[in-house]
Amino acid sequence: MPLIEVSNLRKTYGEHVAVDDVSFHVEQGEIFGILGTNGAGKTTTVECLQGLRTPDSGTMSVLGLDPGKDHNALRQRLGSQLQESRLPDKFKVHEALDLYASFYANPADTGDLLVKLGLTEQRNKYFGKLSGGQKQRVSIALALVGRPEVAVLDELTTGLDPHARRDTWKLVETVRDTGVTVLLVTHFMDEAERLCDRLAIFDAGRVVATGTPGELRDRAGKSTLDDAFVTLTGRD
Ligand SMILES: Nc1ncnc2c1ncn2[C@@H]1O[C@H](COP(=O)(O)OP(=O)(O)OP(=O)(O)O)[C@@H](O)[C@H]1O
């Protein structure tokens, strides 16, 4: 049984249809990408999956739970690094981790987590004094501190330099290799191609294709995901 199952999800904001008849599933242990341009409905979809927004219609199951009804139970088993999640600049790294750890019944050892994420030297530093890559690693640590079965990573590498992006990608693979299923929201084609086992291409609130990066390239008859994206979204 898939770990996440979404069927015919629809969400409107007033007159605006943000998510329209979206269906996909995510298997345990994969990095599943939600790929699309700005405003495609990616964040709205993952917010619905986390029980943070109520869809107008459709059904969702995450770890066998209904995000609408079982929000509290789900929160203990899901970690999220929300888009543009920021901490106050005067928060120290270990203070943030300890605070987030206190939200969970069975949190990870925060010292171990700092080692895993290469943040031991930043332990006592203020969040506001960290580099972009270090901030991103802290936000991933916060997503992992509750020992989640599913981690939702949204716009993971926006604003990072090429080295920091590659380091972050390696880190996400390490997370997946420890058995955590990763839902990766991105508008970067290279990131999706490099990281995702499977992905759903979103366009204007709809899923236009799902598959492995290779399957999507083949379906579109293109040699890169970038070109396949343009073809599959009908922008050729
Ligand atoms: N709270 C809201 N109220 C009204 N409209 C919203 C709200 N949140 C999102 N929208 C609109 O819904 C659409 C989908 O937004 P969403 O944030 O889900 O897209 P996205 O694919 O995550 O985009 P981005 O990559 O820019 O974050 C957009 O047109 C957006 O302007």
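Roughly how many Å² of Asp226 are accessible to a 1.4 Å probe, to the nearest 10?
80
What distance in nm lies between label points placed 7 Å from Cα along the C-beta direction at Thr174 and Lys92?
2.3
Keeping all protein chains in the complex and leaving out DNA, RNA and ligands, what accessible area do you get for Ile140 with a 1.4 Å probe, in Å² to the nearest 10?
Taking all protein chains as shown, Ile140 has close to 0 Å².
How much of the DSSP beta bridge set in the chain is antiparallel, as a percent to the nearest 5?
50
Test of understanding: in a Gaussian network model of the chain with alpha carbons linked when under 10 Å, which of Phe32, Phe91, Phe202 would top the mean-square fluctuation ranking?
In the Gaussian network model the winner is Phe91.
For Asp109 and Asp56, compute 0.36 nm times the residue count separating them, minus their Cα-Cα distance, and round to one decimal in nm.
15.2 nm
Sequence neighbours fewer than 8 away in the same chain don't count; with that in mind, list the lysines whose C-alpha is under 20 Å from Lys11.
Lys42, Lys69
Calculate the FRET efficiency for Arg123 and Thr158 from the Cβ-Cβ distance with a Förster distance of 30 Å, rounded to the nearest 0.05.
E between Arg123 and Thr158, to the nearest 0.05, is 0.75.
What is the magnitude of the charge dipole of region 85-148 about its Cα centre, with +1 placed on the Cβ of each Lys and Arg, -1 on the Cβ of each Asp and Glu, and no other charges, expressed in debye to the nearest 20?
Dipole magnitude for region 85-148 comes out near 240 debye.
Please name which of Leu153, Leu114, Thr168 has its Cα lying farthest along the dipole of the chain towards the positive end, using unit charges on Cβ (Lys, Arg +1; Asp, Glu -1) and the Cα centre as origin.
Leu114
With a cut-off of 8 Å between alpha carbons and a minimum separation of six or more residues, what is the relative contact order of region 111-233 in percent?
16
How large, in percent, is the carbon and sulfur part of the accessible surface of the chain at a probe radius of 1.4 Å?
The nonpolar share, carbon plus sulfur, comes to 46 percent.
Report Cys196's accessible area, 1.4 Å probe, all protein chains in place, as a number in Å² to the nearest 10.
10
Determine the per residue accessible area of the chain with all protein chains present and a 1.4 angstrom probe, expressed in square angstrom.
Numbers: 11100 Å² over 236 residues.
Result: 47 Å² per residue.
Considering Cα pairs under 8 angstrom that are at least six residues apart, work out the relative contact order of the chain and quote it in whole percent. Walk me through the numbers on the way to the answer.
Details: 455 pairs, mean separation 61.0, N = 236.
With pairs under 8 Å counted, the relative contact order is 26 percent.
Among His163, His25, what's the order by accessible area (1.4 angstrom probe), most exposed first?
Output order, biggest surface exposure first: His163, His25.
Counting alpha carbon pairs within less than 8 Å and at least 6 residues apart, what relative contact order, in whole percent, applies to region 85-148? List each step's numbers first, then the result.
Details: 72 pairs, mean separation 31.5, N = 64.
It comes to 49 percent, rounded to a whole number.
The values are calculated or read from the model by the stated rules, or taken from the named source; none is laboratory data. It should be emphasised that the depicted structure is a prediction, and the values quoted were computed from it without experimental measurement. Please note: Cβ atoms are built from the backbone with ideal geometry, for glycine as well, and neighbour counts cover all protein chains shown. The accessibility values were calculated without ligands, DNA or RNA, using every heavy atom of the protein model including side chains. Shrake-Rupley method; radii C 1.70, N 1.55, O 1.52, S 1.80 Å.
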